[in-house]
Amino acid sequence: MDFEHSERARMVMEQVERFVRERVIPGEAVYEQQLVHTDDWTKWRIPRVLEELKAEARELGLWNLFLPDEEYGAGLDNRDYAPVAEITGRSFLAPEVFNCSAPDTGNAEVLVKYGSDAQKERWLRPLLAGEIRSGFSMTEPAVASSDATNMRATCEVKGDEIVLNGVKWWTSGAGDPRCAFLIFMGVTDPNADRHSRHSMVIVPMGTPGVTIRRMLPVLGHLGEPHGHAEIVYDDVRLPLDHVI
């Protein structure tokens, strides 16, 4: 396989490397100064410098570099994006500065490929514009749910609604004050083939029945202002058009 970087990739790599070196890394200290450090995740706020750097990066066209789809992203394929991701990995801020941070990247990819036109307009476009953020609820506390076939949470179709029940944790990004929606993964048809039982559902933040129980510490840190949440879904009812 040819691993040579394309001309487009080399150009993006040079621009990203310069921006990370000259703007992002010097901004890390400012970010830390502006960050609200508290165990109360409801008081977390986004440091101003982050939004300032994002605006600069977007103005330069260094935006959504992870998406190969040219309608929504930069049009870089995996071979071209990999060295760019290596450069952004030098700073804890850089992935978000270029709107390339998880879980938004995975959620965006899901919506690009499987979302309805209405879902793309309501959720994908503001996500790719950096106006909102998102979370992904897959992992569960009682089972080894990195293998989704072990999942116990349910999303059952009842009439014209999808009803969600279960406990999720390590839902990254749920503590971010900009988090506008979660993608919930659960079992819809327990009698189907074990790899065909599941659905993904868009859950707007603030939906009745969704309770953030706590933020989970990682090596003693809560990961403010984004966090990794334990979330209870108790008889959460949504219209069927929220199913991806």
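The values are calculated or read from the model by the stated rules, or taken from the named source; none is laboratory data. No experiment lies behind these values; they were computed from the predicted model shown. Counting neighbours? That spans all protein chains shown, and the Cβs are built from the backbone with ideal geometry, glycine included. Heads up: the accessible areas ignore ligands, DNA and RNA and are worked out on the full protein's heavy atoms, side chains in. Shrake-Rupley method; radii C 1.70, N 1.55, O 1.52, S 1.80 Å.
Quick look at the values:
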| quantity | calculated |
| --- | --- |
| Euclidean distance between Cα centres, the stretch 214-244 to the stretch 78-137, Å | 18 |
| In sequence order, calculated HN-Hα J values of the stretch 42-59 (Karplus, 6.51, -1.76, 1.60; Hz; x Gly/Pro) | 5, 9, 5, 9, 8, x, 4, 4, 5, 5, 5, 5, 4, 4, 5, 4, 5, 4 |
| Mean ellipticity per residue at 222 nm, deg cm²/dmol - from DSSP H runs of n ≥ 4 across the chain, formula -39500 (n - 2.57) | -7500 deg cm²/dmol |
| Residues with amide H under 5 Å from that of residue 135, placed H, sequence gap 5 or more | 181, 182, 183 |
| Counted charge near residue 225, where neighbours are those whose Cβ lies closer than 15 Å (Asp, Glu -1; Lys, Arg +1) | -3 |
| Reduced Cα scattering model of the stretch 159-244, Debye log10 I(q)/I(0), q = 0.14, 0.18, 0.20, 0.23 Å⁻¹ | -0.51, -0.79, -0.93, -1.11 |
| Relative contact order of the chain, defined on C-alpha pairs under 8 angstrom at six or more residues apart (%) | 17 |
| Table column - 3J(HN,Hα) (Hz), the stretch 145-159, Karplus curve with 6.51, -1.76, 1.60, x for Gly and Pro | 8, 5, 9, 5, 5, 8, 4, 10, 4, 10, 9, 9, 7, 10, x |
| Under 11 Å, Cβ to Cβ, from residue 215 - net charge with Lys/Arg +1 and Asp/Glu -1 | -3 |
| GNM flexibility winner over the chain from 69, 77, 193 (Cα, springs under 10 Å) | 193 |
| Shape call, the stretch 1-125: gyration tensor on alpha carbons, a/c limit 1.5 | oblate |
| Whole-number accessible area per residue in Å² for the chain, which is evaluated in the context of all protein chains at 1.4 Å | 51 |
| With every protein chain in place, the chain: carbon and sulfur % of accessible area (1.4 Å) | 50 |
| Computed accessible area, residue 42, all protein chains, 1.4 angstrom probe, square angstrom | 80 |
| Choice from 106, 159, 223 showing the highest fluctuation, given a GNM over the chain with Cα pairs closer than 10 Å | 159 |
| Most mobile of 180, 229, 82 in a GNM of the chain (Cα contacts under 10 Å) | 82 |
